[in-house]
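What follows is one structure encoded as structure tokens, with my remarks underneath.
The values are calculated or read from the model by the stated rules, or taken from the named source; none is laboratory data. Here the structure is a predicted model, which is why all the values come from computation and not from measurement. Don't worry about glycine lacking a Cβ; one is built from the backbone with ideal geometry, like all the others, and counts go over all protein chains shown. Just so you know, the surface numbers come from the protein's heavy atoms only, side chains and all, with ligands and any DNA or RNA stripped out. Shrake-Rupley method; radii C 1.70, N 1.55, O 1.52, S 1.80 Å.
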Amino acid sequence: ISAKRAIGKAAAALCRSGEGVMIDGGTTTLQMCPYLAGLDLQVLTNSLHIVNALLPQAGTRILLPSGAVFREQNIILAPAGEDSMPRFHAPKLFMGAAAVGAQGVMQHDVILVAAERRLIDQAEEVVLLVDSAKFASSSGAIVCGLDEVDILITDAGIDQGMAEKIRDAGVERPPRLRHQAQH
């Protein structure tokens with residue numbers, strides 16, 4: 001949990017006061033929420049866990065898509081083909097994953113894949129938050145290729161070979177983290 005908390009804090013540091021962001025559900029993205037207090041963000045999320053974490057923050061405005069609640073995944077999702085997202089511009093999408101490999105970013109549940117694809121299609125920049133254990137397994141339904149990820153925030157346990165594949169795909173680490181990693 002300490003690695004996930006550090007990843008969440010680093011991701012929150014990428015947010016600017018008053019901006020709009022999208023946050024997908026997940027145990028690591030959830031760790032961002034405490035660090036967003038006081039930034040007066042607009043947050044579009046389909047995750048009920050993220051909503052619950054943000055509700056106590058008076059200045060945070062929360063936007064939700066319309067659709068049905070999928071209890072097992074704790075998300076709101078409209079049937080395929082229906083546009084359920086509010087007309088909302090958010091330059092950054094913060095998302096997690098069940099696994100990451102050379103094939104791309106993966107989830108174990110196809111319902112989560114559909115939900116994440118809708119958010120990715122609205123994002124200018126995809127920020128992936130995963131602890132290094134997510135690189136150990138690489139099975140699941142592919143959400144997106146590594147080339148669709150702009151920024152990766154992870155811990156130091158990532159395998160060197162995988163780190164090179166990620167860099168080769170054009171994925172970056174945030175400048176602040178690159179600076180910290182050198183010390």
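Structure above, values below:
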{"item": "Approximate spin-label separation I1-D121, in nm, with each point projected 7 Å along Cα-to-Cβ", "result": "3.7 nm"}
{"item": "Residue-by-residue Karplus 3J(HN,Hα) for segment 117-130, coefficients 6.51, -1.76, 1.60, Hz, glycine and proline x", "result": "4, 4, 6, 4, 5, 9, 8, 7, 9, 9, 10, 9, 10, 9"}
{"item": "J(HN,Hα) series, segment 153-169, from Karplus relation 6.51 cos²θ - 1.76 cosθ + 1.60, nearest Hz, glycine and proline x", "result": "10, 8, 9, 6, x, 5, 4, 4, x, 5, 4, 5, 4, 5, 4, 4, 7"}
{"item": "Histogram of C-alpha separations across segment 1-150, 5 Å bin width, %", "result": "2, 10, 20, 24, 22, 14, 6, 1, 0"}
{"item": "For A78, residues with placed amide H under 5 Å, excluding near neighbours", "result": "A68"}
{"item": "Square roots of 5 times each gyration tensor eigenvalue, C-alpha, segment 50-139, largest first, Å", "result": "23, 16, 14"}
{"item": "Net length gained if the chain between A102 and K9 were fully extended (0.36 nm per residue, minus Cα distance)", "result": "30.9 nm"}
{"item": "Integer Hz, Karplus 6.51/-1.76/1.60 couplings in order for segment 35-47, x for Gly and Pro", "result": "7, 8, 4, x, 8, 6, 7, 9, 10, 9, 9, 10, 9"}
{"item": "Proximal aspartates and glutamates relative to K9, as straight alpha-carbon distance under 15 Å, when same-chain residues fewer than 8 apart are discounted", "result": "D131, D155"}
{"item": "Potential extension, N74-N52 segment - 0.36 nm per residue separation minus Cα distance", "result": "6.8 nm"}
{"item": "D147 paired with S17, simple spin-label distance in nm, labels 7 Å along Cα-to-beta-carbon", "result": "4.0 nm"}
{"item": "Accessible area (Å², per residue) of the chain, counting only protein heavy atoms and a probe of 1.4 Å", "result": "49 Å²"}
{"item": "Cut-off under 5 Å, modelled amide H: who pairs with G104 long-range", "result": "L146"}
{"item": "Reach of K165 by Cα under 17 Å, taken over lysines that are not fewer than 8 positions away in the same chain", "result": "K134"}
